[in-house]
Amino acid sequence: MEVEGSSKKMIATQEEMVENKVPIPYRDQCAHLLIPLNKCRQAEFYLPWKCEIERHAYEKCEYELVMERMLQMQKIREEEAKLKQAGKQGGSIPLIPKTANA
(Lines give C-alpha, C1' and ligand atoms only; values in the text may rest on other atoms or scores of the structure.)
Protein backbone atom coordinates (compact mmCIF):
# COMPACT_ATOMS: atom_id res chain seq x y z
CA MET A 1 0.00 0.00 0.00
CA GLU A 2 1.42 3.39 -1.03
CA VAL A 3 1.00 6.47 1.14
CA GLU A 4 0.48 9.74 -0.73
CA GLY A 5 3.39 12.16 -0.35
CA SER A 6 5.81 9.65 1.14
CA SER A 7 8.61 7.58 -0.31
CA LYS A 8 8.10 4.77 2.23
CA LYS A 9 5.52 2.06 1.71
CA MET A 10 3.16 0.68 4.32
CA ILE A 11 4.45 -2.77 5.20
CA ALA A 12 2.11 -3.65 8.08
CA THR A 13 -1.49 -4.26 7.05
CA GLN A 14 -4.53 -2.89 8.87
CA GLU A 15 -5.34 -6.39 10.12
CA GLU A 16 -1.85 -6.82 11.62
CA MET A 17 -2.06 -3.45 13.34
CA VAL A 18 -5.51 -4.19 14.78
CA GLU A 19 -4.41 -7.68 15.86
CA ASN A 20 -1.35 -6.27 17.65
CA LYS A 21 -3.34 -3.38 19.15
CA VAL A 22 -1.25 -0.62 17.63
CA PRO A 23 -2.77 2.73 18.68
CA ILE A 24 -4.28 4.67 15.78
CA PRO A 25 -1.83 7.63 16.00
CA TYR A 26 1.08 5.18 15.55
CA ARG A 27 -0.27 3.47 12.44
CA ASP A 28 2.16 4.99 9.99
CA GLN A 29 4.89 3.67 7.68
CA CYS A 30 6.94 2.58 10.73
CA ALA A 31 4.22 0.44 12.34
CA HIS A 32 5.89 -2.73 11.06
CA LEU A 33 8.81 -1.89 13.38
CA LEU A 34 6.60 -0.92 16.32
CA ILE A 35 4.89 -4.32 16.47
CA PRO A 36 8.04 -6.34 17.34
CA LEU A 37 9.23 -3.51 19.61
CA ASN A 38 6.03 -3.67 21.67
CA LYS A 39 6.23 -7.47 21.85
CA CYS A 40 9.83 -7.23 23.06
CA ARG A 41 8.90 -4.57 25.62
CA GLN A 42 6.13 -6.76 27.05
CA ALA A 43 8.41 -9.81 27.17
CA GLU A 44 11.17 -7.84 28.93
CA PHE A 45 8.84 -6.02 31.37
CA TYR A 46 9.59 -2.63 29.79
CA LEU A 47 13.19 -2.55 31.06
CA PRO A 48 14.83 0.48 29.39
CA TRP A 49 18.10 -1.29 28.56
CA LYS A 50 16.33 -4.12 26.75
CA CYS A 51 15.04 -4.06 23.14
CA GLU A 52 17.59 -1.40 22.12
CA ILE A 53 17.99 -2.73 18.57
CA GLU A 54 14.24 -2.72 17.93
CA ARG A 55 13.81 0.72 19.51
CA HIS A 56 16.67 2.19 17.49
CA ALA A 57 15.24 0.83 14.22
CA TYR A 58 11.79 2.26 15.03
CA GLU A 59 13.10 5.67 16.09
CA LYS A 60 15.30 5.89 12.98
CA CYS A 61 12.29 5.17 10.77
CA GLU A 62 10.23 7.86 12.54
CA TYR A 63 13.12 10.34 12.22
CA GLU A 64 13.36 9.70 8.48
CA LEU A 65 9.62 10.33 8.08
CA VAL A 66 9.87 13.63 9.97
CA MET A 67 12.85 14.76 7.90
CA GLU A 68 11.02 13.86 4.69
CA ARG A 69 7.99 15.93 5.75
CA MET A 70 10.26 18.85 6.67
CA LEU A 71 11.88 18.78 3.23
CA GLN A 72 8.48 18.68 1.54
CA MET A 73 7.32 21.67 3.60
CA GLN A 74 10.51 23.57 2.77
CA LYS A 75 9.89 23.03 -0.95
CA ILE A 76 6.31 24.25 -0.59
CA ARG A 77 7.48 27.40 1.20
CA GLU A 78 10.11 28.07 -1.47
CA GLU A 79 7.49 27.73 -4.22
CA GLU A 80 5.16 30.10 -2.38
CA ALA A 81 7.98 32.63 -1.96
CA LYS A 82 8.72 32.46 -5.70
CA LEU A 83 5.06 33.04 -6.54
CA LYS A 84 4.91 35.93 -4.10
CA GLN A 85 8.03 37.51 -5.65
CA ALA A 86 6.61 37.06 -9.15
CA GLY A 87 3.39 38.73 -8.01
CA LYS A 88 5.26 41.72 -6.60
CA GLN A 89 7.38 42.19 -9.72
CA GLY A 90 4.40 42.21 -12.04
CA GLY A 91 2.64 45.52 -12.53
CA SER A 92 -0.27 44.65 -10.31
CA ILE A 93 -2.99 47.17 -9.53
CA PRO A 94 -3.01 48.20 -5.87
CA LEU A 95 -6.20 47.55 -3.95
CA ILE A 96 -6.13 50.97 -2.26
CA PRO A 97 -5.40 53.78 -4.73
CA LYS A 98 -3.02 56.54 -3.68
CA THR A 99 -4.62 59.91 -3.17
CA ALA A 100 -3.29 63.13 -4.62
CA ASN A 101 -2.22 64.45 -1.21
CA ALA A 102 -0.32 61.33 -0.11
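The values are calculated or read from the model by the stated rules, or taken from the named source; none is laboratory data. Computed from a predicted model, the values in this text were never measured in an experiment. Here the Cβ is made from the backbone with ideal geometry for all residues, glycine too, and neighbour counts use every protein chain on show. SASA here: full protein model, heavy atoms, side chains in, ligands and nucleic acids out. Shrake-Rupley method; radii C 1.70, N 1.55, O 1.52, S 1.80 Å.
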message = Run the simple label-point estimate for Gln14 and Arg55 please: 7 Å along Cα→C-beta, distance reported in nm.
response = 3.3
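Sum -39500 (n - 2.57) across every DSSP H segment of at least 4 residues in the chain, then divide by the residue count to get the 222 nm mean residue ellipticity, nearest 500.
Estimated from H runs of four or more residues: -19000 deg cm²/dmol.
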task = Arrange the peptides 11-18, 40-47 so that the one whose residues have, on average, the most other Cβ atoms within 10 Å appears first.
result = 11-18, 40-47
Positive-end residue of Leu37, Tyr26, Gln14, charge dipole of the chain with Cβ unit charges = Tyr26
inquiry  = If you roll a 1.4 angstrom probe over the protein chains with everything in place, what fraction of the accessible area of the chain belongs to carbon and sulfur, to the nearest %?
reply    = 59
remark   = Dividing the alpha-carbon radius of gyration of the range 1-62 by 2.2 N^0.38 Å, where N counts its residues, gives 1.15
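Per 0.36 nm of contour for each residue apart, how much would the distance between Arg77 and Tyr26 grow if the chain were fully extended, relative to their Cα-Cα spacing?
Gain in length upon complete extension: 15.6 nm.
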